[in-house]
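**Q** Sharing a structure below in structure tokens format, with a few things to ask.
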Amino acid sequence: MENYAKLWLNYSEKKNNKDCSALKQFVFSGAFTSDKIIENAKKELLLGIKGMLRIEPEIAVEGTAVDPSGLKRELTSGSKIADSEEYSISINNESINISSGSSTGILYGVFNILRTIACEKDVKKEFESGKTFRPSNPLRMLNHWDNMDGSIERGYSGKSFFYVNNEIVIDERTVFYARLIASVGINAVVINNVNVKQAASYMITDRYFEKLAELGEIFAGYGIGLYLSLNYASTIEIGGMDSADPLNEGVKAWWKEKMAEVFAKIPTLKGFLVKADSEGRPGPFTYGRTQADGANMLADIAKEYGAIIIWRCFVYNCRQDWRDKKTDRARAGYDNFMPMDGDYHDNVILQIKNGPMDFQIREPISPLFGGLKATNQMLEVQIAQEYTGQQIDVCYLIPMFKEILGFKTYAKDTDDTVADIISGKTFNSRFSGIAAVTNTGNDFNWTGNYLAGANLFGFGRLAFDTGLESAEIAEEFIRMTISSDDSVVNTIKEILLPSRAVYEKYTCPLGIGWMVTPATHYGCSVDGYEYDRWGTYHRADHLGIGVDRTDKGTGYALQYNEPNASIYNSPEKCPDELVLFFHHLPYTHVLHSGKTVIQHIYDVHFEGYDEAVKLAQKWDTLKGRVDDGIFENVSERFKRQLFNAKEWCDQVNSYFYRKSGIEDEKGREIF
Ligand code: GCU
């Protein structure tokens, strides 16, 4: 028995599809090379079909491409990646045909068939008339914030399964992990924390090459590219130099030599992720250079190896004075990166967090989306629930990601949503995609709360197909991992789907964010960050609350294209859910909902707690109807969630009652 759950790859026996004769015969066809990925695709298909249907299919492989080994590494553009990963499934003469221009496409086809069977859909009906699938995004990436000592920054599911005591561990779980994420369409993975310190700085030295090469091979066998987070100041920290100035010839020469070594030793390596000039990490600003100078220097050298540099836009002043109302952290991304739009070289991708702050339960969309027009862009979201319940509170994030993707930026007349931009379509970008800070660890169930697995599963599914609906994805997750009993499926859907809205209700109101316990970020502390240096303020006093980010305040609202800028700039037009992000308003201000700000705060907090109680009660009805281990795990989390929700509700309501002196219209108990 493994020491990890098999989640959606459990391949337990299914009752349907048993009489589908087509499932006995498969053909893989197309212009692909028969390689390790095809071998793995065959293995997976046999394992899955045998497990679920108790039959052993025959598989014919008819790849027609020439073996490209020996060819020079080429920088393949995003649209080419997406083209090659496209696949079709059809049923011909009682056999199932999966065809693609790449072995990865074939593998995705296999996982699609297996998912269809696992969800107990009729394979024949699904594919009778043939279907083609093309990934919405070229890069679909997971970012691990795993440290080499085994800890995980913002990890809520145990320790790292990549590292123990500064060594890389490769075992059965590693291979299972590759299968798990490939099965939902992930094609890229960064295996170390963006804060590259201590041992991690030595990843690009011979101390780790052998293991990294091995790991890279495992991932490559599932169509997953390996990426490393890089210490921008490697020249100093491991090179013994006294500079990391991107325009310094000695610095460039060091990187040239280093990259030649790294790419020779880790042939599958696809590139690097860099957090520079952020939260104490070194960067080009130290030398009076721009972010583009830093990114381009590395990218120019990496290009020779067909590699890319993913450069994060999370650059802001984290040593602010809370008394200073002019400096606005929300502005920083745009202010630091917009002026160089067009200057970033073609193998640089800017990785942009969904909001201008930091993964709050509600934020506006970063104005860099729709601002940048001549730069490769990638969206960064966080499925590690740092600010959204830490895998204690249930918070299904896919509805939030759908909102983000659907946001209209007005960068162009058509095809201007965030989804369009990151697909590469809007600006015909060379590279683009989506990354999630992942939520996995070595806990038995991978994600701490079993239901948080829906975010890992869902992120991959959504990254591959941004058109999928949250409910569809939730249903697949439940059917594949928990139960195919319709009433169980519906009950769990009724828990997952509203869970983000519930979490938002009992935590920070109207887009203001924060109010969390400093450092740990779990639990309520309304003033926790109010008099601190991080630029995360609510500015509440006895009359009102919110941050003035209008033209009369910090001017952040004007970073958006019209009409978004005018909408956000006006307290009358701004949507309620973001109104305190953009405006400082009196407690008596009347929202679109017809409620005052203060009454809204009271109402949503009481409702949020009550609704959390109802979610927990729904879960209780599943006792004996789902696996005991899963039942107990989620029940235990719900107990902690309810405690947390009660604290948030009572603390937020008491805080604002005491500040404002305004009674709750409904006379409920406030302390
Ligand atoms: C957040 C998080 C940090 C992380 C940072 C980042 O601020 O709390 O732990 O390092 O984001 O995205 O780099």
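The values are calculated or read from the model by the stated rules, or taken from the named source; none is laboratory data. Values in this document were obtained by computation on a predicted structure and should not be read as measured data. Note: ideal-geometry Cβ built from the backbone for every residue, glycine included; neighbour counts use all protein chains shown.
**Q** State whether the residues of region 169-183 include one that is within 16 Å of the ligand (Cβ to nearest atom) and either under 28 Å from Glu39 (Cβ atoms) or modelled with pLDDT of 95 or more (or both).
**A** no
**Q** Of the residues that make up region 400-412, is at least one within 16 Å of the ligand (Cβ to nearest atom), closer than 15 Å to Phe457 by Cα and crowded, with 21+ Cβ neighbours inside 10 Å?
**A** no
**Q** Which of the residues that make up region 447-478 are assigned to a helix (DSSP H, G or I), β-branched (Val, Ile, Thr) and in contact (Cβ under 8 Å) with a residue 40 or more places away in the chain?
**A** The one that is assigned to a helix (DSSP H, G or I), β-branched (Val, Ile, Thr) and in contact (Cβ under 8 Å) with a residue 40 or more places away in the chain: Ile473.
**Q** Which residues, counting only those in region 483-533, are away from the ligand (no atom under 16 Å from the Cβ), on the phi > 0 side of the Ramachandran plot and not small (Gly, Ala, Ser)?
**A** Across region 483-533, the qualifying residue is only Leu510.
**Q** Being among the aromatic types (Phe, Trp, Tyr), within 16 Å of the ligand (Cβ to nearest atom) and either surrounded by 19 or more Cβ atoms within 10 Å (Cβ to Cβ) or assigned to a strand (DSSP E or B) (or both) is the requirement here; does Phe369 meet it?
**A** No, not satisfied.
**Q** Do you know which residues across region 420-446 are among the acidic types (Asp, Glu) and not in a loop (DSSP other than H, G, I, E, B)?
**A** The one that is among the acidic types (Asp, Glu) and not in a loop (DSSP other than H, G, I, E, B): Asp420.
**Q** Does Glu386 satisfy the criteria of being within 16 Å of the ligand (Cβ to nearest atom) and of a type in the set (D, E, K, R)?
**A** In short, yes.
**Q** Specify the residue that is farthest from Met338 (Cα to Cα); the eligible residues are those in region 274-297 that are in a loop (DSSP other than H, G, I, E, B) and away from the ligand (no atom under 12 Å from the Cβ).
**A** Here the residue is Pro282.
**Q** Among the listed residues Arg154, Arg73, identify the single one that is away from the ligand (no atom under 16 Å from the Cβ) and within 30 Å of Lys197 (Cβ to Cβ).
**A** Arg73
**Q** Restricting to region 134-151, and then to whatever is away from the ligand (no atom under 16 Å from the Cβ) and over 19 Å from Ile349 (Cα atoms), can you tell me which residue is surrounded by the fewest Cβ atoms within 10 Å (Cβ to Cβ)?
**A** Arg134
**Q** Ok, one more. Hey, Ile421 hits all of (1) free of Cβ contacts under 8 Å to residues at least 60 places away in the same chain; (2) surrounded by fewer than 24 Cβ atoms within 10 Å (Cβ to Cβ) but one; which does it fall short on?
**A** In the conditions (1) free of Cβ contacts under 8 Å to residues at least 60 places away in the same chain; (2) surrounded by fewer than 24 Cβ atoms within 10 Å (Cβ to Cβ), Ile421 misses (2) alone.
**Q** For Asn354, indicate whether it is within 16 Å of the ligand (Cβ to nearest atom) and modelled with pLDDT under 95.
**A** For Asn354, the condition - within 16 Å of the ligand (Cβ to nearest atom) and modelled with pLDDT under 95 - is not met.
**Q** Condition (residue is assigned to a strand (DSSP E or B), within 29 Å of Glu363 (Cβ to Cβ), within 16 Å of the ligand (Cβ to nearest atom) and not aromatic (Phe, Trp, Tyr)) applied to region 253-271: is it met by at least one residue?
**A** No, the conditions are met nowhere in region 253-271.
**Q** Of the conditions (1) crowded, with 18+ Cβ neighbours inside 10 Å; (2) at pLDDT 95 or above, Arg281 fails just one. Which one is it?
**A** Result: Arg281 fails condition (2) only.
**Q** Something else now. Within region 198-226, track down each residue that is in a loop (DSSP other than H, G, I, E, B) and touching a residue at least 40 places away in the same chain (Cβ under 8 Å).
**A** Correct list: Asp206, Tyr208, Gly221, Tyr222, Gly223, Ile224.
**Q** Follow-up. May I ask you to say which residue of Tyr222, Tyr202, Tyr163 is within 30 Å of Asn92 (Cβ to Cβ), more than 16 Å from the chain's Cα centre (by Cα) and not assigned by TED's automatic domain parsing to the domain that holds Lys43?
**A** After applying the criteria, what remains is Tyr222.
**Q** OK, next. Of the numbered conditions (1) part of a loop (DSSP other than H, G, I, E, B); (2) under 29 Å from Glu386 (Cα atoms), Leu510 fails exactly one; give the number of that condition.
**A** Condition not satisfied by Leu510: (1).
**Q** Being of a type in the set (A, V, I, L, M) and free of Cβ contacts under 8 Å to residues at least 60 places away in the same chain is the filter; apply it to region 592-636 and report the residue that is farthest from Ile495 (Cα to Cα).
**A** Looking at residues that are of a type in the set (A, V, I, L, M) and free of Cβ contacts under 8 Å to residues at least 60 places away in the same chain, I get Val613.
**Q** Further, regarding this structure: From Asp343, Asp321, Asp300, Asp335, grab the single residue that is away from the ligand (no atom under 16 Å from the Cβ), among the charged types (D, E, K, R) and touching a helix residue (DSSP H, G or I) at 6+ places or on another chain (Cβ under 7 Å).
**A** Asp343
**Q** Ser243 is checked against (1) closer than 30 Å to Gly223 by Cβ; (2) assigned to a loop (DSSP other than H, G, I, E, B); (3) away from the ligand (no atom under 16 Å from the Cβ) and fails just one. What number does that condition carry?
**A** If we test Ser243 against (1) closer than 30 Å to Gly223 by Cβ; (2) assigned to a loop (DSSP other than H, G, I, E, B); (3) away from the ligand (no atom under 16 Å from the Cβ), just (1) comes out false.
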